[in-house]
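Quick notes on the structure that follows.
Every read-out reported here was derived from the displayed coordinates using simple, explicitly stated rules and does not represent laboratory data. All values derive from a computational prediction rather than experimental measurement. As a convention, Cβ positions derive from the backbone with ideal geometry for all residues, glycine included, and neighbour counts pool all protein chains shown.
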Amino acid sequence: MTTEQKELIKATVPILREHGVALTTHFYSRMFTHNPELKNLFNMGNQGNGKQQLSLAMAVLAYAENIEDPSVLVSAVTKIGHKHMSLDIRPEHYAIVGKHLLASIGEVLGEGATPTLIEAWAVAYQQLADLMIGLEQNLYSDAVAKEGGWTGWRPFLVKQKVQESEEITSFYLYPADGGKVADFTPGQYISLRLFLPELNLLQPRQYSLSNAPNGDYYRISVKKEAGKAEHPNGMISNRLHNAVQEGDVVEVAPPAGDFVLDTTKQTPVVFVSGGVGQTPLMSMLEYLASTQSSRDIVWVHGSRNRKVHAFREPLTMLEAKIGKLNKHIFYDTLDEEMQVSGYYEGVVELDKLKEQALLQNADYYICGPAPFIQKQFTDLAAMGVSPEAIHYEEFGPANLVLS
């Protein structure tokens with residue numbers, strides 16, 4: 001990429017800041033019109049609520065802002081690569097996306113989209129595409145090299161459905177071929193795909209693995225969400241809860257994700273979750289228990305009430321097994337039975353715990369809705385915790401940028 005081309009890319013930054021979402025909205029509409037088969041790869045719920053358009057706009061802006069040194073985006077690029085691997089995105093898809101992205105730049109910018117600008121963006125896009133394709137090829141190679149590993153979509157049998165709370169149900173998934181499943185790093189997720197007659201589409205969704213690696217099965221724990229045809233959020237979760245039964249077959253992609261427990265450390269860990277956000281943290285906690293870890297552990301969780309709080313009994317069993325687990329539970333309201341040590345009324349407030357949650361050399365793992373993550377990150381930073389020690393996972397398209 002020439003110096004002149006980089007300058008042209010940087011000159012589009014103000015436009016992307018102001019009109020980036022308009023550009024990406026036009027891009028997706030154009031791509032799905034010309035290549036409707038790609039709707040089977042994308043979460044149409046996130047298309048309907050605008051989250052995917054915003055996420056892509058932020059990614060394009062970040063790339064333009066850092067065109068001189070894209071290496072600073074390695075963390076974001078890695079996260080996207082894991083997501084693409086979990087959706088079976090292949091090199092040929094990049095050619096389709098590139099064609100429609102460049103056409104959209106021309107159509108949205110109009111006369112401002114000079115041939116030299118389009119050429120600069122064509123070079124920039126190919127540079128990024130080559131980077132992503134290489135990264136994803138390594139992820140595919142690693143996935144298939146593991147015992148029980150595979151790439152693409154593999155049929156799994158739902159052997160058990162276990163209700164964990166009024167809202168959350170666990171699904172125990174075993175390979176339909178009777179083989180093993182690949183191990184994973186605690187905190188990772190799988191993509192699960194179902195056919196939705198309402199949309200006449202296959203639809204993938206990502207669900208955190210909520211169990212420790214065992215080689216035999218995966219467990220996902222799914223919250224039932226409200227969904228509407230025009231905004232299909234919750235369609236997959238509702239179908240899992242209401243229609244998918246024990247003995248049914250679903251399609252699953254291999255484990256992916258970079259929000260993972262650092263299993264090489266022996267220093268303390270603090271887990272902070274809201275609602276169904278505890279699922280990847282349960283995987284981490286079960287792993288620590290199964291490996292008889294001696295690490296100091298703090299578990300902080302917030303739920304609306306006891307009825308919707310999943311894994312209460314398993315957590316009590318893990319608490320007894322681990323020994324060095326310090327548990328703190330926040331409910332919106334406490335009934336008389338919960339008026340005991342370790343239970344708090346209101347939303348999760350880490351400053352209420354102070355030294356009980358601030359452990360020396362600890363790593364902090366946060367998962368939950370975006371506002372929840374934002375609050376806990378801000379509170380930890382205010383209490384003197386280094387941002388490098390705070391790890392978080394935002395469900396859905398990544399739109400949070402915390403530092």
Quiz item: Taking the Cα centre of the chain as the origin and placing charges on Cβ (Lys, Arg +1; Asp, Glu -1), which of T114, H82, N238 is farthest toward the positive end of the dipole?
Solution: N238
Quiz prompt | Degrees between helix 370-382 axis and first principal axis of the chain (Cα, 0 to 90, nearest 10) | solution = 70
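Roughly speaking, what % of Cα-Cα pairs in segment 269-394 are separated by over 25 Å, rounded to a whole number? Could you put the intermediate results ahead of the total?
Details: 1365 of 7875 pairs.
Roughly 17 percent, rounded to a whole number.
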Quiz item: Which residues' amide hydrogens lie under 5 Å from the amide hydrogen of Y392, considering only partners 5 or more residues apart or on another chain, with H built in the peptide plane?
Solution: I366
Quiz item: What is the local net charge at P255, summed over the other residues whose Cβ is closer than 11 Å to its Cβ (Lys, Arg +1; Asp, Glu -1)?
Solution: -1
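Compute the normalised compactness of the chain: alpha-carbon radius of gyration over 2.2 N^0.38 Å, N being the residue count. Before the final figure, lay out the partial values.
Details: Rg = 22.2 Å, N = 403, 2.2 N^0.38 = 21.5 Å.
Normalised Rg, Cα atoms only: 1.03.
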Exercise. Give a residue-ordered list of calculated ³J(HN,Hα) values for segment 341-357 (Karplus: 6.51 cos²θ - 1.76 cosθ + 1.60, θ = phi - 60°; whole Hz; x for Gly, Pro).
Key: 4, x, 10, 9, 9, x, 6, 5, 10, 5, 6, 5, 8, 6, 5, 5, 9
Self-check item: Furthest towards positive pole of dipole, L359, V347, F330, structure part segment 318-370, Cβ charges
Solution: L359
Quiz item: Given P369, S221, N66, which one lies farthest toward the positive end of the charge dipole of the chain, if we put +1 on the Cβ of every Lys and Arg and -1 on the Cβ of every Asp and Glu?
Solution: S221
Quiz item: Pulled fully out, how much extra length does the chain show between D248 and E65, if you take 0.36 nm times their separation in residues and subtract their Cα-Cα distance?
Solution: 61.1 nm
Practice problem: Treating cross-link reach as a plain straight distance, find the aspartates and glutamates whose alpha-carbon is under 12 Å from the alpha-carbon of K265, omitting any fewer than eight places away in the same chain. | Solution: D296, D363
Exercise. Determine, from the Cβ-Cβ distance of A381 and S141 and an R0 of 25 Å, the FRET efficiency 1/(1 + (r/R0)^6), rounded to the nearest 0.05.
Key: 0.10
Quiz item: HN-Hα J couplings of segment 251-264 from phi, Karplus 6.51/-1.76/1.60, θ = phi - 60°, integer Hz, Gly and Pro as x?
Solution: 9, 9, 9, x, x, 8, x, 10, 8, 9, 6, 7, 7, 8
Quiz item: From a point 7 Å beyond the Cα of N361 in the direction of its Cβ, which residues of segment 262-276 have a backbone N at a distance under 19 Å?
Solution: 262-271
Quiz prompt | Exceeding the 24 Å Cα-Cα cut-off - candidates K180/K307; K327/K354; K83/K146; K51/K99 | solution = K180/K307
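In debye, nearest 20, what is the charge dipole magnitude of segment 269-394 about its Cα centre with +1 on Lys and Arg Cβ and -1 on Asp and Glu Cβ, if you could check?
On the way: 11 positive and 17 negative charges, 44 e Å.
My answer is approximately 220 debye.
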Quiz item: Helix 74-86 sits at what angle to the longest principal axis of the chain, using alpha carbons and giving 0 to 90 degrees rounded to 10?
Solution: 80
Exercise. Counting helices only, and only those DSSP H runs with n ≥ 4, report the 222 nm mean residue ellipticity of the chain as the sum of -39,500 (n - 2.57) divided by its residues, in deg cm²/dmol to the nearest 500.
Key: -13000 deg cm²/dmol
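With only Lys, Arg, Asp and Glu charged, each at its Cβ (+1 for the first two, -1 for the last two), find how big the charge dipole of segment 152-310 is about the Cα centre; round to the nearest 20 debye.
Working: 16 positive and 16 negative charges, 49 e Å.
Roughly 240 debye, rounded to the nearest 20.
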Quiz item: How high is the FRET efficiency between L199 and V21 when r is their beta carbon distance and R₀ equals 22 Å, given to the nearest 0.05?
Solution: 0.40
Quiz item: Taking H as built 1.01 Å from N, whose amide H comes closer than 5 Å to the amide H of L202, not counting residues under 5 places away?
Solution: L196
Self-check item: Tilt relative to the chain, helix 51-65 - C-alpha long axis, 0 to 90 degrees, to 10
Solution: 60
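Given R₀ = 45 Å, FRET efficiency for T333-K99 by Cβ-Cβ distance, to 0.05?
Rounded to the nearest 0.05, the efficiency is 0.25.
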Quiz item: Non-local amide H neighbours of N326 (under 5 Å, H modeled in plane, Pro and chain starts lacking H): which ones?
Solution: I297, V298, W299
Exercise. In whole Hz, with x marking every Gly and Pro, tabulate ³J(HN,Hα) for segment 326-333 from phi via Karplus 6.51 cos²θ - 1.76 cosθ + 1.60, θ = phi - 60°.
Key: 10, 9, 9, 10, 10, 10, 4, 9
